[in-house]
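All remarks here apply to the structure that follows.
The values are calculated or read from the model by the stated rules, or taken from the named source; none is laboratory data. Everything quoted here is computed from the prediction, not taken from an experiment. Positions of Cβ are backbone-derived with ideal geometry, glycine not excepted, and every protein chain shown enters the neighbour counts. Surface areas here come from the heavy atoms of the whole protein model, side chains and all, with no ligands, DNA or RNA. Shrake-Rupley method; radii C 1.70, N 1.55, O 1.52, S 1.80 Å.
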Amino acid sequence: MASHVIVAGAGIVGLSTAYELGRRGHRVTVLEKEPAVAAHQTGNNSGVIHSGLYYTPGSLKATLGQAGAISMERFARENGVAVDICGKLVVATTQAQLPALTRLHERGTANGVDCRLVTPEEAREFEPHVNAVAALRVEATGIVDYRGVCTALQGLIEGLGGEVLVNQRIVGVATHDDAVTVTTSRGEFRADEFVNCAGLHSDRIARLAGLEPDVRIIPFRGEYFELAPESTFLVKGLIYPVPDPAFPFLGVHLTRMIAGGVHAGPNAVFALAREGYTWLDINPRDLWESARWPGLWKLGRKFWRNGLDEVARSLSRRKFLASLRELVPELPDDSLVPTHSGVRAQAMRRDGSLVDDFFFERAKRQIHVLNAPSPAATAGLEIGRAIADELVAQR
């Protein structure tokens, strides 16, 4: 039976959810607090279509990520959005990294990812300037214009009779026996069901709706550089390091962008605001909420050395470049040009553990997406389908 659904958030997860619901005949209203779609995580990520390589077999990240790589490429091509399945190299730069590279290959194979171990000579056939003692070639990885994907989704939603309303900051959510009422800074909306895809503010929206989730969104900023135009020839596609299994972020990497040029990064530093794109962006409320969460201090005690390294790399272009030279030693001293940053909405438990998978909480007439980090953009269309299925199952 068709219903009216309100979706909070016009990033790729919210828009994908709204599109899937509209496709199934539901009336959809998307409420976005910013003046345009894709204003935060979606519009400031690296533009990569991930393959499902890194994720625990059987997890939502693995299953939805791999399916999402296929559906995202198809959606982009069908809707005239720029996309290129260029593949990537994960590079071991020392002998000590070889066991982790082998384990990554095994995990990727278990997830059904098209990947193979290659020799240093084979790696340099893909990336002539790379430093490698071995590498993992991943064919299914690509790059895409995620802002373009969101613009296309908005058009499709509206074409199906839905609405995407901007400048609508949600200030209240109330559930009744027969409906949900959502109050924004500009008015009140009533619908049959509510889906919270608010990203950086998803836990706050959940609390407004009467839930008490046992996670808190902790913001981590990822800072990027671009390679100067005269240095871009050193990178043909995507070059990633072997991830440190003890550290919850991938490490800085080199990514050729869909619009041209090469991005370098991101690092990962604690942000002083949920929308803290620079060190000068400080929000006292956000900072106080993070500081009060016991998990942040437990995480800090566990990873303080890594954290200091990330901060040092944030404050020193020389250190940032040194990390990149482990992958491509020929990068010259003047090869880095500052560009945008992104902020990752990371759900953290009270014990300091980071929620590793996509994470949803449910209530009467409500679904809340409380953790959707990478590969959420890749898997956006699949997450939308999963949420639509869940709404049907809840009835």
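Summary table below
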quantity	calculated
Residues satisfying the stated conditions in the stretch 275-292, i.e. in contact with a Gly (Cβ under 9 Å, 6 or more places away or on another chain) and in a loop (DSSP other than H, G, I, E, B)	277, 282, 283
Restricting the stretch 147-167 to residues that are among the polar types (S, T, N, Q) and open to solvent by 50 Å² or more (accessible area, probe 1.4 Å), the residue that is farthest from residue 13 (Cα to Cα)	167
Pairs where the first residue, in the stretch 309-327, is open to solvent by less than 20 Å² (accessible area, probe 1.4 Å) and the second is of a type in the set (S, T, N, Q) and not in a helix (DSSP H, G or I), C-beta under 9 Å, 6+ apart	310/267; 320/267; 321/335; 324/335; 327/93; 327/131
Filtered residues of the stretch 34-62 (kept if without any contact (Cβ under 8 Å) to a residue 60 or more places away in the chain, more than 15 Å from residue 15 (Cα to Cα) and open to solvent by 20 Å² or more (accessible area, probe 1.4 Å))	57, 58
Criterion: open to solvent by 10 Å² or more (accessible area, probe 1.4 Å) and touching a strand residue (DSSP E or B) at 6+ places or on another chain (Cβ under 7 Å) - qualifying residue of 133, 90	133
From 237, 210, 276, residue being of a type in the set (Gly, Ala, Ser), under 27 Å from residue 37 (Cα atoms) and open to solvent by less than 40 Å² (accessible area, probe 1.4 Å)	276
Of all residues in the stretch 350-368 being of a type outside the set (Asp, Glu) and in contact with a Ser or Thr (Cβ under 6 Å, 6 or more places away or on another chain), the one that is farthest from residue 76 (Cα to Cα)	364
Enumeration of residues in the stretch 138-169 that are among the hydroxyl-bearing types (Ser, Thr, Tyr) and either without any contact (Cβ under 8 Å) to a residue 60 or more places away in the chain or under 16 Å from residue 40 (Cβ atoms) (or both)	146, 151
The listed residue being within 19 Å of the chain's Cα centre (by Cα) and crowded, with 23+ Cβ neighbours inside 10 Å, out of 5, 28, 13, 83	13
The stretch 240-273 - residue that is in a loop (DSSP other than H, G, I, E, B), open to solvent by less than 10 Å² (accessible area, probe 1.4 Å) and at pLDDT 95 or above and, of those, farthest from residue 304 (Cα to Cα)	273
Candidate set: the stretch 168-203, residues that are under 23 Å from residue 38 (Cβ atoms), surrounded by 15 or more Cβ atoms within 10 Å (Cβ to Cβ) and not hydrophobic (A, V, I, L, M, F, W, C); chosen: the one farthest from the chain's Cα centre (by Cα)	184
